[in-house]
Structures are given as C-alpha cells and as structure tokens.
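The values are calculated or read from the model by the stated rules, or taken from the named source; none is laboratory data. Given the structure is predicted, the values throughout are model-derived calculations rather than measurements. Note: ideal-geometry Cβ built from the backbone for every residue, glycine included; neighbour counts use all protein chains shown. SASA here: full protein model, heavy atoms, side chains in, ligands and nucleic acids out. Shrake-Rupley method; radii C 1.70, N 1.55, O 1.52, S 1.80 Å.
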Amino acid sequence: MDKKILSTGAILGIIAIILGAFGAHALKKVLSIEQLSTFETGVRYQMYHALFLLFLGLMTQIPQRTKKIIFLLVLIGVILFSGSIYLLATNDLTSFNFKIIGFVTPIGGLLLILAWCGLLLNIMNKKSQK
C-alpha cells in the first residue's frame, strides 16, 4: 500500500506541475485573471495533497487500513475538488457548461478535510496510548 500511496503522490505532483505550467503559459492568454486564479487554486490544492500522500506513505506508525482510507479520501477529494475547479475555470473554452458539476467541488473539499481529520485522529490516538 505504501508504494501505491507514494506513487500516486508523485503522479499527482507531476500533474500539478504540468497543469501549473500550462496555466501560467497557455491559459494566461485565454483566461481572465479571476479564472486563472481559480485554476491556480486547483493546482495548489492538488500539490498540497500530493505532498500529503508522500508524507502519509512514509509514515510507519499509521496502520495500513487507516492509510488506505486516508489515501482514498485524498485521491477522490483531489479528483472532485481540483478536477472540478479546472473544469469550472476553463468553462468558457468549451461548449459544455461545467457549472452544472460545480456541486462536486465542496464534496471534494469535504473529503480532503476528512483525510486530514483521519490523520489527526490517528496521531492523537497514538499519543494517548503512550
């Protein structure tokens, strides 16, 4: 499981860098400042959670079952949160109206928050056992 978590973290990091560069260069010419800022928010949160997964994969004191739950919360959360932000920020560039999927952004955000809470609870439970 740790290899899967670390690999996913690395892949999300690579994609975040690619999308960040794409936004800074290609999209800068076609998006408004507000849309570009929104796109950058998606990139930033994706990178934060790529680093989170790397940290999680290297932690030895967290049980594998807990890691798997946190991993799934982060992965689905990033897809829903950052993914929907990318689509919403670039909505004007397509004929499809991505605003109808805007409701998934807060769901993704909630999953990311739950992942952090899962880590916190696990750390707090470990400390109370000592």
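Odds and ends about this structure:
- Being out of contact with any Lys or Arg (no Cβ under 6 Å at 6 or more places or on another chain) and either of a type in the set (V, I, T) or touching a residue at least 24 places away in the same chain (Cβ under 8 Å) (or both) is not true of K99.
- Only listed residue being out of contact with any helix residue (DSSP H, G or I) (no Cβ under 9 Å at 6 or more places or on another chain), open to solvent by less than 50 Å² (accessible area, probe 1.4 Å) and assigned to a helix (DSSP H, G or I), chosen from A50, A21: A21
- First in the range 9-34 and more than 21 Å from I76 (Cβ to Cβ), second anywhere and open to solvent by less than 90 Å² (accessible area, probe 1.4 Å) and of a type in the set (S, T, Y), Cβ under 8 Å, 6 or more apart: L27/T90; L31/T90
- The one condition in (1) more than 17 Å from G13 (Cα to Cα); (2) surrounded by 12 or more Cβ atoms within 10 Å (Cβ to Cβ) that G77 fails to fulfil: (1)
- Note on the range 26-42: residues that are open to solvent by 80 Å² or more (accessible area, probe 1.4 Å) and either at pLDDT 90 or above or closer than 18 Å to L80 by Cα (or both) total 3.
- Conditions (1) within 22 Å of M124 (Cβ to Cβ); (2) of a type in the set (D, E, K, R); (3) surrounded by 12 or more Cβ atoms within 10 Å (Cβ to Cβ): number failed by R65: (3)
- Some residue of the range 109-123 being open to solvent by less than 30 Å² (accessible area, probe 1.4 Å), outside any helix (DSSP H, G or I) and either out of contact with any Lys or Arg (no Cβ under 9 Å at 6 or more places or on another chain) or under 19 Å from L12 (Cα atoms) (or both): no
- Lone qualifier among Y45, Y86 - being open to solvent by 40 Å² or more (accessible area, probe 1.4 Å), in contact with a helix residue (DSSP H, G or I) (Cβ under 9 Å, 6 or more places away or on another chain) and not β-branched (V, I, T): Y45
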